[in-house]
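See structure below.
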Amino acid sequence: MVPLKFLAEKLGADASWDGNHLTVLAPLTQVQIRKGHFEIDSALPVKPVLMLLDDPKRVVLDLQGAKLT
């Protein structure tokens, strides 16, 4: 058996174990906007969530599972 924390760290992620939960965050290697599309490079998959907010109007892109370095 191989510990998941060890595997995540070998893949380049930041992993922490509090005894009950394993938290894995993937460092982003590159974020670009090209021709109106976001291009996200990371060691592990991240989940982009797009939100449109009012007052003031703005676009928010939340990259769940990502760690900004």
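Based on this model, can you work out whether K57 counts as modelled with pLDDT of 90 or more, under 11 Å from the mean Cα position of the chain (by Cα) and open to solvent by 70 Å² or more (accessible area, probe 1.4 Å)?
no
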Of the candidates Q30, Q64, the one satisfying the condition of being open to solvent by 70 Å² or more (accessible area, probe 1.4 Å) and in contact with a Lys or Arg (Cβ under 7 Å, 6 or more places away or on another chain) is Q64
Quick count over segment 53-69, residues being assigned to a loop (DSSP other than H, G, I, E, B) and closer than 21 Å to D14 by Cα, is 3
Pairs returned, first residue in segment 32-52 that is in a strand (DSSP E or B) and of a type outside the set (A, V, I, L, M), second residue that is open to solvent by 100 Å² or more (accessible area, probe 1.4 Å) and at pLDDT below 90, beta-carbon separation under 6 angstrom, 6 or more apart or interchain, are D41/T29
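The values are calculated or read from the model by the stated rules, or taken from the named source; none is laboratory data. A quick note: this is a predicted structure, and the numbers were derived from the prediction, not measured. Using ideal geometry, Cβ is built from the backbone for each residue, glycine included, and neighbour counts are taken over all protein chains shown. The area values use the complete protein model at the heavy-atom level, side chains included, leaving out ligands, DNA and RNA. Shrake-Rupley method; radii C 1.70, N 1.55, O 1.52, S 1.80 Å.
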